[in-house]
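Since the structure comes first, as structure tokens, the remarks are kept for the end.
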Amino acid sequence: MSAEPVSVPFVDLTAQRLPIAHELEEALARVMRSNSYILGEEVELFEQEFAAFCGASYAVGVDSGTSALELILRAYGIGPGDEVITAANTFVATTFAISYTGARPVLVDIDPCTYTVDIVQVQEAITPRTRAIMPVHLYGQPADMDPILALARQHNLIVIEDACQAHGARYKGRRVGSLGHAAAFSFYPAKNLGAFGDGGMVVTNDPDIAETIRKLRNYGQSAKYHHELLGYNRRLDTLQAAVLRVKLKYLDEWNAARRTHARLYQQLLGGNGIRLPVEANYAEAVWHLYVIRTVARDKLQAHLKERRIGTGIHYPIPIHLQPAYRDLGYEVGDFPVTEHSAGELLSLPMFAELTPEQIAYVAHTIKEFLADYARLEAVG
Ligand SMILES: *Cc1c(COP(=O)(O)O)cnc(C)c1O
């Protein structure tokens, strides 16, 4: 084997930027010279390119993934008195977006294999107040959309995809973002498609919703100084759009690399007593995160840190046990799969530019730890 890498970061934005630095600098300079810094051609072109990438009709650039989710809810008129069903294991922005509108997030547990919403529990959570289901394509793996869409049709509900971790992922051959009524994407720097700051996108096939969100993101304007709605300043930054247009061209290539890395982790780590992530048979996942599961999580994380390997935990505290959500009235024990996995999940380094040597070093270090751990446990 070649020399061990000195370290393996959790993500490496330098490795992504360097090969395309010239193109990115060119794009930034183009915007600078244009003096057009708010919306404009770069944003419009990126919206068209991103909609085409998703196989959807419309895309509307906004200032974050959280705004994308919130503005979709507002565009559908969801607010106080309404309920929106989503997963208990997600990033808190999913439920915050619901709460901002005055609606109530109704949580359901996750499927222990895919970590996406448990469809049986979604069905059980539907009440006369339910307006929408918000499945999260967590870690880059699409939720099982067909049964969700069937339930939504049956109960006349809106389906909003939280695709903030899943740019380019496919469900039964179709890209996420084109599956429900509308979808939200985030361009936070570490996402599969990341800006040089915050950014987000709404994707939809519904022309009315696209139009409403265009107004909501820009002070409710239909024309300059004509304010039809109580809108916001939630526009996608023009500089970020220029950066994202460059990066979008590489996204399929980067996602393919992530898929290759996931296969190598699978080969090297299989059969070692830790739970590896599985790709559902309906899915082509884009591995935003590669999340393993072990009871020895905290010790393993410390061991990897000592060996200069970066990891993350997504997420250590479930939504319903966050102090910010005390008033929802949930208790410990309400979502056992989410709660149990929160203590065992560990996200390994995952980004397109990882090398096979780095992956081998991570896998080797994990196996070394597990062998020692098994020995210590046996001695007791
Ligand atoms: C990142 C993320 C968001 C929010 O995106 P921001 O751009 O950070 O506002 C929402 N949901 C999920 C699942 C995310 O991972």
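Since every read-out is calculated from the coordinates, none of them should be taken as a lab result. The structure displayed is predicted, hence computed values, not measured ones. All Cβ positions, glycine included, derive from the backbone under ideal geometry; neighbour counts span all protein chains shown.
Once Rh for the stretch 304-380 is found with the Kirkwood sum over Cα pairs, what is the Stokes-Einstein diffusion coefficient at 4 °C and 1.567 mPa s, in µm²/s?
Details: Rh = 15.3 Å.
Result for D is 85 µm²/s.
Mind computing the radius of gyration and Dmax over the alpha-carbon atoms of the stretch 67-222? Å is fine for both.
14.5, 46
If I build a Gaussian network model for the chain, linking alpha-carbon pairs within less than 10 angstrom, which residue out of 273, 343, 220 has the largest mean-square fluctuation?
273
Over all pairs of distinct alpha carbons, what does the Kirkwood formula give as the hydrodynamic radius of the stretch 250-379, in Å?
Mean inverse Cα-Cα distance, inverted, gives 16.2 Å.
Mind checking the alpha-carbon convex hull of the chain and giving the volume per residue in Å³?
Normalising the Cα hull of the chain by residue number yields 145 Å³.
Computed on alpha carbon atoms, what radius of gyration and Dmax characterise the stretch 193-286, expressed in Å?
Answer for the stretch 193-286, Rg first and Dmax second: 20.1, 64 Å.
Add +1 for every Lys or Arg and -1 for every Asp or Glu among the other residues with Cβ under 13 Å from the Cβ of residue 325, and state the total. Intermediate results must be reported in sequence, preceding the final value.
Values: positive: 104, 326; negative: 327, 331, 334.
Charge balance near residue 325 sits at -1.
For the chain, what does the helix formula give at 222 nm: sum of -39500 (n - 2.57) over DSSP H segments with n ≥ 4, over the residue count, nearest 500 deg cm²/dmol?
Counting only the DSSP helices, I get -12000 deg cm²/dmol.
Please give the charge dipole size of the chain, origin at the Cα centre, charges +1 on K and R Cβ atoms and -1 on D and E Cβ atoms. Round to the nearest 20 debye.
Working: 35 positive and 44 negative charges, 64 e Å.
Using only the charged Cβ atoms, the result is roughly 300 debye.
In a Gaussian network model over the chain where Cα atoms closer than 10 Å are linked, find which of 257, 166, 87 has the largest mean-square fluctuation.
Of 257, 166, 87, the Gaussian network model singles out 257 as fluctuating most.
Excluding residue 27 itself, what net charge comes from residues whose Cβ is under 9 Å from its Cβ, given Lys and Arg +1 and Asp and Glu -1?
Net charge around residue 27: -2.
When the chain is treated as a GNM, springs tying every alpha-carbon pair under 10 Å, which of 276, 28, 216 comes out with the largest mean-square fluctuation?
28
What list of ³J(HN,Hα) values in whole Hz, one per residue of the stretch 279-288 in order, does the Karplus curve 6.51 cos²θ - 1.76 cosθ + 1.60 (θ = phi - 60°) give from phi, with Gly and Pro shown as x?
With the stated coefficients, the stretch 279-288 comes to 8, 4, 5, 8, 10, 10, 7, 10, 6, 4 Hz.
Pop out the ³J(HN,Hα) list for the stretch 323-339 in order, Karplus 6.51 cos²θ - 1.76 cosθ + 1.60 with θ = phi - 60°, rounded to Hz; leave Gly and Pro as x.
With the stated coefficients, the stretch 323-339 comes to x, 4, 10, 3, 6, 6, x, 7, 9, 4, x, 5, 10, x, 5, 4, 5 Hz.
What does the charge add up to near residue 43, with Lys and Arg as +1, Asp and Glu as -1, over the other residues with Cβ less than 10 Å from its Cβ?
It works out to a net charge of -3.
Could you estimate the translational diffusion coefficient of the stretch 26-150 from the Stokes-Einstein equation, with Rh from the Kirkwood formula over C-alpha pairs, at 4 °C and 1.567 mPa s, in whole µm²/s?
Stokes-Einstein gives a translational diffusion coefficient of 79 µm²/s.
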